[in-house]
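The block underneath contains the structure these notes are about, expressed in C-alpha cells.
The values are calculated or read from the model by the stated rules, or taken from the named source; none is laboratory data. Computed from a prediction, not measured in an experiment: that's the story for all the values here. Neighbour counts are summed over all protein chains in view; Cβ atoms, including those assigned to glycine, are modelled from backbone coordinates with ideal geometry. The area values use the complete protein model at the heavy-atom level, side chains included, leaving out ligands, DNA and RNA. Shrake-Rupley method; radii C 1.70, N 1.55, O 1.52, S 1.80 Å.
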Amino acid sequence: MIKEKYSQKTIFSCEVFPPKRNDDIYEIYKTLDEIKLLKPDFISVTYGAGGSNSKKTATIAAYIQNICEVEALAHMTAVGMTEESLNSILFELKKKGVYNVLALRGDKPKTMTDEEFEQRTYRYASDLIPEIRKNGEMFVAGACYPEVHPESSNWEEDIKYLKNKVDIGLDSLITQMFFDNSVFYNFMDKIRKAGIEVPVHAGIMPITAANQLGTSVKLSGSSVPNELSSIIAKYGHDPDDMKKAGIDYAIAQVNDLIKNGVDGIHVYTMNKADTTMAIYEGTFA
Ligand code: FAD
C-alpha cells in the first residue's frame, strides 16, 4: 500500500489516463513500461464516469500493480456511481491486488443530463469515503485545490469541507495542477493551520505545447505566472523549443518544491513517458 512509502524524503508519483479507443490500450502499457523504470512510488489512473472507459481504470491499475510492480492508485468518482457499482469496482480492484483509491466527486460528463447529475447517489467525495472504508483496509487519497475549488465561494468554505473530507478517512491529498509555487506554499500554510496533517502531493503539469496551456487552465482554473506566459510567448511557435522550455519550467518548479520539503510530487504525465522521464532526470535522479 502507498502508506508504506512515506518517509522523510519527497516521494515521486505520476498520473495516466485510459485511452479513449480500446485499441490504444497497448499504447498506455508501452508508456507504463517506460515510466516504471523510474521506480515511482505510485502511479494513478484517472476514472471517467459513464461509458466503457470507466472499466479501463481497473484494467490499467492491475497492469501497474502486477506487471509493472508499482503501487497503483485507482481514481473513482461519486458522479455516475451507485452503491452497486461502487462495491463492484472495489471488489474488482481488490481481486486484482489494488488497495489504493483516489476518492473524487468528479465533474458532469458531457453525456449526462443536469437532472442525472443533480440526482446522483453520492453527492461529494466525502460521501464515497465511508463506503470505501467499509470494504476493508484500503489507502484512500483525495483531491485538493491550492487556488480554491472553482465551485467554492471562498477559502474558508473550501478548507472546511477539505478538513471534513480528511477527518472522515483520507490518508493523503493530491493537488490540482498549479504553476506558481508561492500559491502552493500559501495553501499549505492555510491547511496546516486548519489542522489538516496528511501528506500532500503537489500536482505538476508540464506545459510542452503552447495550445496545451489554455486547455489546462480552462479545466483547472489555475493562474499563469508571468514567467510561464513569457516562455509561451518566446517559444510557443517552435514545438521542440517549447517542449524543452516547458520541461525546464516543470523541473525548476519541482526542485524548488523538494528544497522546501514537499511530501510528494505527482506528475500529470498526459501519457507521455519521455516528458515524465526528463522531469525525473532533472529532479529526483
Ligand atoms: P469534493 O471534495 O466533493 O468537493 C467539490 C466541491 O464541493 C468543492 O467546492 C467543495 O468545497 C464542496 N463540498 C465538499 N463537500 C461539501 C459538502 N458536504 N457540502 C457542500 N459543499 C461541499 N475528475 C474525474 O472525473 N476523474 C478523475 O479521475 C479525476 N482525477 C482528479 C485528480 C486530481 C488530483 C484532482 C485535483 C482532480 C481530479 N478530477 C477528476 C477532477 C475532480 O473530480 C473535480 O475537480 C471535481 O469538481 C471535484 O472533485 P473533489 O473530489 O475535489 O470534490
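Each residue in region 222-253 was checked for being over 30 Å from K9 (Cα atoms) and either within 16 Å of the ligand (Cβ to nearest atom) or of a type in the set (G, A, S) (or both), and 4 pass. Among the residues making up region 160-190, those that are part of a helix (DSSP H, G or I), closer than 24 Å to A78 by Cα and of a type in the set (A, V, I, L, M) are L162, V166.
Among the residues of region 188-196, is any within 10 Å of the ligand (Cβ to nearest atom) and of a type outside the set (K, R)? Please lay out each step first, then the result.
Pass one, region 188-196, residues within 10 Å of the ligand (Cβ to nearest atom): none.
No, there is no match, as no residue in region 188-196 is within 10 Å of the ligand (Cβ to nearest atom) and of a type outside the set (K, R).
Annotation: A285 fulfils all but one of (1) surrounded by fewer than 19 Cβ atoms within 10 Å (Cβ to Cβ); (2) modelled with pLDDT of 95 or more; the unmet one is (2). The set of residues from region 237-267 being closer than 11 Å to T208 by Cβ and crowded, with 17+ Cβ neighbours inside 10 Å comprises M242, K243, A245, G246, I247, Y249, A250.
Scanning region 87-114 for residues that are in contact with an Asp or Glu (Cβ under 9 Å, 6 or more places away or on another chain) and surrounded by fewer than 18 Cβ atoms within 10 Å (Cβ to Cβ), we see that the one that is modelled with the highest pLDDT is N87. Scan region 68-81 and give yes if some residue there is free of Cβ contacts under 8 Å to residues at least 40 places away in the same chain, surrounded by 14 or more Cβ atoms within 10 Å (Cβ to Cβ) and away from the ligand (no atom under 16 Å from the Cβ), otherwise no. Checked region 68-81: at least one residue is free of Cβ contacts under 8 Å to residues at least 40 places away in the same chain, surrounded by 14 or more Cβ atoms within 10 Å (Cβ to Cβ) and away from the ligand (no atom under 16 Å from the Cβ). Might you let me know whether region 75-86 holds any residue that is among the hydrophobic types (A, V, I, L, M, F, W, C) and farther than 15 Å from G48 by Cβ? Yes, region 75-86 contains at least one residue that is among the hydrophobic types (A, V, I, L, M, F, W, C) and farther than 15 Å from G48 by Cβ.
Restricting attention to region 1-50, which residues are touching a His at 6+ places or on another chain (Cβ under 8 Å) and open to solvent by less than 20 Å² (accessible area, probe 1.4 Å)?
Selection gives I11, S13, C14, S44, V45.
N181 - would you say it is away from the ligand (no atom under 14 Å from the Cβ) and either open to solvent by less than 20 Å² (accessible area, probe 1.4 Å) or modelled with pLDDT of 95 or more (or both)? Spelling it out, N181 is indeed away from the ligand (no atom under 14 Å from the Cβ) and either open to solvent by less than 20 Å² (accessible area, probe 1.4 Å) or modelled with pLDDT of 95 or more (or both). Taking the numbered list (1) more than 19 Å from the chain's Cα centre (by Cα); (2) near the ligand (Cβ under 8 Å from one of its atoms); (3) of a type in the set (A, V, I, L, M, F, W, C) in turn, I168 passes all entries but (2). Of the residues making up region 100-130, those that are of a type outside the set (G, A, S), closer than 16 Å to D167 by Cβ and not in a loop (DSSP other than H, G, I, E, B) number 4. The criterion of at least 3 residues that are in contact with a Phe, Trp or Tyr (Cβ under 8 Å, 6 or more places away or on another chain) is met, among helices (runs of 4 or more DSSP H) falling completely within region 209-280, by 226-235, 239-259.
Annotation: of all residues in region 116-130 being over 21 Å from the mean Cα position of the chain (by Cα) and surrounded by fewer than 20 Cβ atoms within 10 Å (Cβ to Cβ), the one that is farthest from the ligand (Cβ to nearest atom) is Q119.
Test I207 against the criterion of being away from the ligand (no atom under 14 Å from the Cβ) and open to solvent by less than 30 Å² (accessible area, probe 1.4 Å), and give yes or no.
For I207, the condition - away from the ligand (no atom under 14 Å from the Cβ) and open to solvent by less than 30 Å² (accessible area, probe 1.4 Å) - is met.
Of all residues in region 134-159, those satisfying the criterion of being assigned to a loop (DSSP other than H, G, I, E, B), open to solvent by less than 60 Å² (accessible area, probe 1.4 Å) and within 7 Å of the ligand (Cβ to nearest atom) are Y145, H149, S152.
When K134 is tested against the conditions (1) closer than 16 Å to G169 by Cα; (2) touching a residue at least 12 places away in the same chain (Cβ under 8 Å), the lone failure is (2).
Is region 35-58 home to any residue that is within 16 Å of the ligand (Cβ to nearest atom), over 30 Å from T283 (Cβ atoms), under 17 Å from the mean Cα position of the chain (by Cα) and assigned to a loop (DSSP other than H, G, I, E, B)? Walk me through it before giving the result.
Filtering region 35-58 down to residues within 16 Å of the ligand (Cβ to nearest atom) leaves 40-58.
Narrowing further to those that are over 30 Å from T283 (Cβ atoms): 49-55, 58.
Now narrow it down to the ones that are under 17 Å from the mean Cα position of the chain (by Cα): 49, 54, 58.
Filter again for assigned to a loop (DSSP other than H, G, I, E, B), leaving 49.
Looking through region 35-58, at least one residue is within 16 Å of the ligand (Cβ to nearest atom), over 30 Å from T283 (Cβ atoms), under 17 Å from the mean Cα position of the chain (by Cα) and assigned to a loop (DSSP other than H, G, I, E, B).
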